[in-house]
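Handing you a structure now.
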Amino acid sequence: MKVLDLQCAHKHVFEGWFSSEADFQYQHGHGLIECPVCGNATIDKMLSAPRLNFGSEREAIRPSQEVASPVVATQSLQAAWMAAARLVLANTDDVGDQFAEEARRIHYGEADERGIRGKATRAETESLIEEGIAVVPLELPEFLKGPLQ
């Protein structure tokens with residue numbers, strides 16, 4: 001197994017696991033690799049020390065974990081963001097373009113209280129906030145709404 005450090009056009013860094021360099025080249029050439037954070041398919045291979053995973057019988061050689069590198073810290077933040085985004089998707093109802101109306105109905109007791117997500121314009125969001133309705137603008141990547149590989 002060949003493990004590569006990859007980066008999308010938006011500078012999100014992530015690992016890609018491939019059976020060989022040829023496997024990476026094939027997938028890259030056919031646009032099959034996407035950033036797990038934003039779904040961008042413009043991917044660059046980063047300069048990295050080669051690391052081969054041989055299975056559980058042999059311990060992978062890794063640098064000291066006493067001080068996390070900026071790449072490791074970035075990957076940790078990205079993983080936390082993905083976990084938070086999945087949590088939001090799993091625990092809210094998608095009300096689409098009716099977000100502002102449904103948020104008001106819930107706030108004023110006209111609908112059952114529940115977590116919702118959807119789309120609202122900037123003006124609608126500002127109006128909700130002025131009315132004292134707690135909202136959090138949160139951009140969720142479209143690819144998260146489908147199955148992840």
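Of the residues that sit in the range 8-33 and are at pLDDT 90 or above and crowded, with 17+ Cβ neighbours inside 10 Å, which one is farthest from the chain's Cα centre (by Cα)?
24
Quick one: count up the residues across the range 114-138 that are part of a helix (DSSP H, G or I) and under 25 Å from residue 38 (Cβ atoms). Write out each step before concluding.
Taking the range 114-138 as the starting set, the residues that turn out to be part of a helix (DSSP H, G or I) are 122-130.
When the remaining residues are screened for being under 25 Å from residue 38 (Cβ atoms), the result is 122, 124-125.
Qualifying residue count, the range 114-138: 3.
Let me ask another. Name the pairs whose Cβ atoms lie under 8 Å apart, with the first residue in the range 25-44 and more than 15 Å from residue 4 (Cα to Cα), the second β-branched (Val, Ile, Thr), and 6 or more positions between them or separate chains?
Once the first residue is more than 15 Å from residue 4 (Cα to Cα) and sits in the range 25-44, its partners that are β-branched (Val, Ile, Thr) give 41/33.
Let's see how each residue does on (1) under 14 Å from residue 78 (Cβ atoms); (2) touching a residue at least 60 places away in the same chain (Cβ under 8 Å):
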{"site": "2", "(1), (2)": "no, no"}
{"site": "7", "(1), (2)": "yes, no"}
{"site": "11", "(1), (2)": "yes, no"}
{"site": "14", "(1), (2)": "yes, yes"}
{"site": "20", "(1), (2)": "no, no"}
{"site": "23", "(1), (2)": "no, no"}
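Let me ask something additional. All but one of (1) in a loop (DSSP other than H, G, I, E, B); (2) closer than 22 Å to residue 140 by Cβ hold for residue 7; state the number of the condition that does not hold.
(1)
Can you confirm whether the range 38-49 contains a residue that is surrounded by fewer than 11 Cβ atoms within 10 Å (Cβ to Cβ) and either at pLDDT below 90 or touching a helix residue (DSSP H, G or I) at 6+ places or on another chain (Cβ under 8 Å) (or both)?
Step one: of the range 38-49, the residues surrounded by fewer than 11 Cβ atoms within 10 Å (Cβ to Cβ) are 47, 49.
Filter once more, keeping what is either at pLDDT below 90 or touching a helix residue (DSSP H, G or I) at 6+ places or on another chain (Cβ under 8 Å) (or both): 47, 49.
Yes.
The values are calculated or read from the model by the stated rules, or taken from the named source; none is laboratory data. Remember, predicted model here, so these are calculated numbers, not experimental data. Every residue, glycine as well, gets a Cβ built from its backbone with ideal geometry; the counts of neighbours run over all protein chains shown.
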